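Data first, discussion second: the structure below is written as structure tokens.
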Amino acid sequence: MENAMQLDLKGRSALVTGGSRGIGRAITLALARQGVNVVTCYRRESEAVESLAREARVLGNVELVQADVSREEEVVRLLEKCRERLGRLDIVVNNAGAISHVPLSDLTQTEWHRMLDTNLTSVFLVIREALPLLSDGASVINVGSSVATRGMAAGAHYTASKAGLIGLTRSLCKELGPRGIRVNTLAPGIIETDMVSRLTPEQRKKYEAMSAVGRLGQADDIAGAVLYLASDLSRFVSGVTLEVNGGI
Ligand code: NDP
């Protein structure tokens, strides 16, 4: 029992989607530094991928795979790679996602589907394809958003996709719970990544003031919460939405 009170992730296996930039990159590196063997994916080649690949070579326990998680055949290929490299999965972090700001009057069905496919359908596909690899007692972490339950003007499609994750998490925690598999949603507030790089100085001030701790979040703030949810420290936590937003 005493052992369970330590992070102790060494030797576990993880898939982190969308690890090339931002929050996913911080999660990938945090897990790898704890001795977890990680497969991560990204959608397109970029300088960010090359820079992560350089860090991965130093760490020695991170594998990068190009795969668009909104496409079923690419998810199948990604999980096949996980099977080859890792044999099993103890941790799955569904982090890959995209944001879009479009008022309802201009929102096309194509853009609606793009958001749902990228942020919600991808998570269904990854967990379904991961099922045969998930170890009993595995932890699945779905990265949602604080705005899912608060709403965001010009973001009906984004918030709908993130709110959908909460229902998916609640159902899968019940369905997979008998195998000891925990499924949780982690809902970040505003985190300084490329996704929010277009904030004006005024917006920035406003968001800083909204947070009880007076600042925007950093990607490592989310990685810390992932380490907790991935480890046995959270062994009785399942089906929750953990808000990590500095107290908005
Ligand atoms: P970034 O835009 O900085 O990074 C997104 C990452 O996801 C990139 O690695 C990107 O790869 C990858 N990705 C996007 N779409 C796909 C896809 N279809 N298939 C595979 N990989 C994909 O985002 P953040 O780090 O800011 O966000 C990470 C998660 O956190 C998202 O789910 C987001 O909705 C959520 N979130 C973020 C908040 C914030 O304030 N930043 C607030 C609340 C939630 P590539 O480089 O190839 O595009």
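Here, each number is a calculation from the coordinates, and none is a lab measurement. Keep in mind that what you see is a predicted model, and the values were worked out from it rather than measured. Virtual Cβ from ideal backbone geometry, glycine too; neighbours counted across all protein chains shown.
What the table below lists for this structure:
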{"item": "Within the chain, helix-based [θ] at 222 nm, where runs of 4 or more DSSP H residues each add -39,500 (n - 2.57), nearest 500", "result": "-13000 deg cm²/dmol"}
{"item": "Kyte-Doolittle at least -1.0, axis length at least 20 Å by Cα - qualifying DSSP helices, the chain", "result": "72-86, 156-176"}
{"item": "Average Cα contact separation per residue, segment 1-150, under 8 Å, 6 or more apart, as relative contact order %", "result": "25"}
{"item": "From phi via Karplus (6.51, -1.76, 1.60), per-residue ³J(HN,Hα) for segment 90-95 in Hz, x at Gly/Pro", "result": "9, 9, 10, 10, 8, 9"}
{"item": "Cα centroid separation, segment 74-127 to segment 196-248 (Å)", "result": "21"}
{"item": "Separation between Cα centres of segment 129-149 and segment 2-61, rounded to whole Å", "result": "16"}
{"item": "Cross-link reach list, lysines versus Lys10, counting only Cα pairs under 29 Å and skipping chain neighbours closer than eight places", "result": "Lys81, Lys174"}
{"item": "Net charge contributed by nearby residues that have their C-beta within less than 13 Å of Arg128 (K/R +1, D/E -1)", "result": "-3"}
{"item": "Charge dipole (debye, nearest 20) of segment 1-131; +1 at Cβ of Lys and Arg, -1 at Cβ of Asp and Glu", "result": "360"}
{"item": "Phi to ³J(HN,Hα) by Karplus 6.51 cos²θ - 1.76 cosθ + 1.60 over segment 63-68, Hz, x for Gly, Pro", "result": "10, 9, 10, 7, 7, 8"}
{"item": "Rounded if a/c under 1.5, otherwise prolate or oblate - segment 101-223, Cα gyration tensor axes", "result": "oblate"}
{"item": "Amide H within-cut-off set for Leu242, under 5 Å, with H built and near neighbours excluded", "result": "Thr185, Leu186, Ala187"}
{"item": "Rounded, prolate or oblate (a/c below 1.5 giving rounded, otherwise prolate when a/b exceeds b/c) for segment 25-184 by Cα gyration tensor", "result": "oblate"}
